[in-house]
Structures are given as C-alpha cells and as structure tokens.
Amino acid sequence: MGESRVLSRAEALQLEPGWRHACHVLLCAPCPGRLRGRVPLRHAVLMQMRFDGLLGFPGGFVEPRDGSLEAGLSRELREELGPGAAALSLAEGDYLGARCAETPRRLVAHFYAKRLSLEQLRALENGAPRAEEHGLEVLGLVRVPLHTLRDGVRGLPTFLSNRFAGCAREQLLEALRVLRLVPEAELRRADAASRKRL
Ligand code: GTP
Ligand code: MN
Ligand code: MN
Ligand code: MN
Ligand code: MN
C-alpha cells in the first residue's frame with residue numbers, strides 16, 4: 001500500500017463502491033513472563049507470517065455477502081485462525097480506526113483491537129494449525145517482541161525492520177501506543193532505531 005491517510009469509520013463507509021474494504025485485528029493478552037528471568041515480556045501480541053512473506057494481522061477483505069465489516073472480519077478470522085475464533089465476537093466497540101490508500105488499488109483498511117486473557121490467546125495459537133487457511137494464506141502466527149534489548153536494536157526495533165502488508169506497520173505502532181502496550185518514549189526509540197536499519 002502506498003501513502004495511507006487516516007479517516008473515520010463514517011467517512012470510510014461513505015466512500016464510493018470502487019473502494020474495497022478490509023478488516024484486520026490486533027489480538028493481545030497480558031503476559032507476565034520474563035525473558036531470561038529479567039526482561040519483562042509485558043503482552044502477547046499476535047501477527048502472522050503471510051503467504052507473500054510479509055507480516056500482517058489476521059483478517060482480510062470484506063465481501064458483499066458478509067453484510068457488515070464485523071461479519072466480514074469474523075469470517076476471515078475463522079478461515080485464518082480456525083473455529084476457535086468464533087468465540088471472539090468482534091464488535092464496533094473494538095474498532096480502532098481506518099486508513100485508506102489509492103495505490104496499488106483503492107483500499108480502506110479498517111483496524112480493530114481486542115484484549116484477551118492469556119488462556120484465550122494460547123487456545124487460539126493452539127487451534128490455528130487446524131484453520132483452513134493454515135499453510136495457505138497463513139504460514140504461522142507470531143508474537144511481536146515488545147521489549148528492546150540492551151543493544152537498543154534487538155527485539156521490537158528488529159521486528160519493525162521486517163516488511164509488512166499494507167499499512168500493518170503503522171497499525172501496529174498506533175495500537176501499541178493507544179492500548180499502552182509499550183511506553184511511548186520506548187516506542188518512538190524503537191521506531192527510529194528500526195528506520196536507521198531499513
Ligand atoms: P484473500 O482471501 O486471498 O483475498 O485474502 P484476505 O481476504 O485474507 O485479504 P488480506 O488479509 O490479504 O488483506 C486484504 C488487503 O489488505 C490486501 O491488499 C493486503 O495487502 C492488505 N493487508 C493484509 N494484511 C494487512 C494488515 O495487517 N494490515 C493492513 N492495513 N493491510 C493488510
Ligand atoms: Mn483470508
Ligand atoms: Mn488475510
Ligand atoms: Mn478473503
Ligand atoms: Mn481467502
């Protein structure tokens with residue numbers, strides 16, 4: 001996706017029919033563990049390695065037959081995460097925002113976030129290999145490292161140096177900030193450190 005522009009849900013829903021709509025979601029859970037007994041993991045945040053080698057969030061295109069954004073998202077989550085995703089019940093209250101881009105084609109990316117218990121998130125991870133799209137659209141779920149190690153590079157900055165689908169990188173940074181999953185100053189440093197290495 002080229003340059004993306006932030007817009008409201010209402011604005012996005014009023015765009016002409018030539019625009020396609022996609023919905024993706026950040027699923028997270030508090031994660032009390034410490035790496036090497038020292039570095040706090042803070043939260044488990046799920047992304048996926050996609051068939052195209054890019055990282056992205058679970059979700060996908062909303063189709064006309066879906067009837068609503070949330071119904072489209074729920075269908076995509078069942079396809080990509082398996083039947084266990086049916087319990088997620090994403091709603092308008094979980095909406096974080098939308099971004100649109102003209103290139104490569106007109107696409108509005110709607111973004112959601114949902115907090116789960118660690119048990120719920122682990123159940124999804126365990127069920128994901130049985131999803132119909134496992135090994136096809138989705139090559140595997142990954143947890144996002146939220147910590148930055150002492151060298152200031154490994155951890156979140158290195159993760160952010162990967163390539164992402166659409167505006168998934170912007171969505172990730174925005175959600176980590178808004179949901180307060182990473183302290184803001186640390187997030188800015190991680191973003192800057194990753195850009196130096198791009
Ligand atoms: P198909 O069923 O094969 O069409 O895939 P899908 O419906 O699962 O669609 P996909 O998840 O690939 O997303 C649809 C569009 O959004 C594509 O243009 C992607 O490049 C883009 N995209 C994919 N993942 C993300 C993401 O995490 N965030 C954003 N903003 N865009 C994404
Ligand atoms: Mn899909
Ligand atoms: Mn998808
Ligand atoms: Mn699809
Ligand atoms: Mn598909």
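A short reminder: the numbers here are calculations on the coordinates, not readings from a lab. Source: prediction; values computed, not measured. For neighbour counting, all protein chains shown are included, and Cβ atoms are generated from backbone atoms with ideal geometry for every residue, glycine included.
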Angle between the chain longest axis and helix 118-127 axis [Cα atoms, degrees, rounded to 10]: 60 degrees
Determine, for 114, 196, the number of other Cβ atoms within 10 Å of each Cβ, and report the residues in order from fewest to most. 196, 114
CD proxy at 222 nm, helix term only [per DSSP H run n ≥ 4: -39500 (n - 2.57); per residue of the chain; nearest 500]: -8500 deg cm²/dmol
If you filter segment 124-156 for GluC sites (Glu not before Pro), then keep DSSP loop positions with at most 14 other Cβ within 10 Å, what is left? 132
Give me the number: length gained by fully extending residue 150 to residue 6, i.e. 0.36 nm times residue separation minus the C-alpha to C-alpha distance, one decimal in nm. 48.4 nm
By how many nm would the segment from residue 68 to residue 188 lengthen if fully extended, with 0.36 nm per residue of separation less the alpha-carbon distance? 39.7 nm
Please report Rg (one decimal) and Dmax (integer) in Å for the Cα set of segment 5-146. 15.7, 53
Note down the relative contact order for the chain as a percent, whole number, built from C-alpha pairs under 8 angstrom at least six residues apart. 27 percent
Counting only DSSP beta bridges fully inside the chain, the antiparallel percentage to nearest 5 is 70 percent
